[in-house]
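See below for the structure under consideration.
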Amino acid sequence: MVTLTDFPLQAYLNRIGLKGGVSQTPKGLDTLHRAQTCTIPFENFDVLLGRKIDIRAHALIEKLLGQKRGGYCFELNGLFFLALTAMGFDARFVLARVHVSDAASPRAHVAIIVQIDGAAWLADVGFGGNGLRAPMPFALDTPADQDGVQFRLVEAPPFGVMLQTFEAGEWSNNYSFDLEHVGEADLEMGNHFASTHPESIFTKARIANILNSSGRVSLMNFSLSHVTGEKRESETLSDDPSYMDAVKSNFGIALDADYDALPGVLEPPSLDLS
């Protein structure tokens, strides 16, 4: 599914704005992670257009590199995994349950564990919203500061390990995962749920997100937000073709579809990834 012996590494590096490869070190991993999250957007427009989300290697390369589109976790972390393994990193997938609403989701999120010199790192370029900006050490109860945002991993029986973010004076849950083997069929099942199930956030709302050096730009339906630290500036986009111009100028996403092909918002989403 996400294996390829001849990954177009230079095309990937060009896409994320790096002039050369990186070393198989924590610094190299950090450089790759930050570069991808600041150049390839998190977005779900193909889901809303009724298109099958293909997470096979050739499809990820064509969409994210060839078409210069973005995607959601199975696509973004799928591409990142291909790049990591092409560069010689020791990487594996973990499946996660999202916990940002009242109930835990199915295992419909994917992240990556990378081993470097006997130490494990959690990498995730595909959570959207206020997700990881960089890889973090896989160490429990050890807060990691990433550009002013605090993350930590804690034990969370029966779900395994929980990734949390410190917001508004308290720790809030992002997602939980364990270290069980993840096979191709597991990834396909999670991707199928995320892209087709009527209760999946991706079938209910228009979502886009991209990080930058000072914060992030996020879209939830018609609300476009520019976040810098604790400051948020928001505007409401129009329900007309100018919406597509805003998506392109803020996220670099040029959709090969007319605005009328996008469905309206089905219902207010319970999960806010903005």
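The values are calculated or read from the model by the stated rules, or taken from the named source; none is laboratory data. Computed from a predicted model, the values in this text were never measured in an experiment. Cβ coordinates were reconstructed from backbone atoms using ideal geometry, including for glycine residues, and neighbour counts include every protein chain displayed. Surface areas here come from the heavy atoms of the whole protein model, side chains and all, with no ligands, DNA or RNA. Shrake-Rupley method; radii C 1.70, N 1.55, O 1.52, S 1.80 Å.
Here is how the numbers come out for the structure above:
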| read-out | value |
| --- | --- |
| Where residue 200 falls short, out of the listed (1) out of contact with any helix residue (DSSP H, G or I) (no Cβ under 6 Å at 6 or more places or on another chain); (2) modelled with pLDDT under 95 | (1) |
| Enumeration of residues in the stretch 49-91 that are open to solvent by 10 Å² or more (accessible area, probe 1.4 Å), more than 24 Å from residue 26 (Cα to Cα) and outside any loop (DSSP other than H, G, I, E, B) | 58, 59, 61, 62, 63, 65, 66 |
| Residues that are in contact (Cβ under 8 Å) with a residue 60 or more places away in the chain and either touching a His at 6+ places or on another chain (Cβ under 6 Å) or in a strand (DSSP E or B) (or both), drawn from the stretch 131-154 | 134, 135 |
| Pairs with Cβ under 6 Å, 6+ apart, first in the stretch 179-194 and closer than 15 Å to residue 106 by Cα and of a type in the set (A, V, I, L, M), second part of a helix (DSSP H, G or I) and open to solvent by less than 50 Å² (accessible area, probe 1.4 Å) | 194/202 |
| Unique residue being free of Cβ contacts under 8 Å to residues at least 24 places away in the same chain and closer than 24 Å to residue 191 by Cβ when the list is 128, 169, 118, 160 | 160 |
| Test result for residue 39, open to solvent by 20 Å² or more (accessible area, probe 1.4 Å), within 16 Å of the chain's Cα centre (by Cα), modelled with pLDDT of 95 or more and polar (S, T, N, Q) | yes |
| All strands (runs of 3 or more DSSP E) inside the stretch 177-274 with 3 or more residues being over 25 Å from residue 134 (Cβ atoms) and of a type outside the set (A, V, I, L, M) | 231-236 |
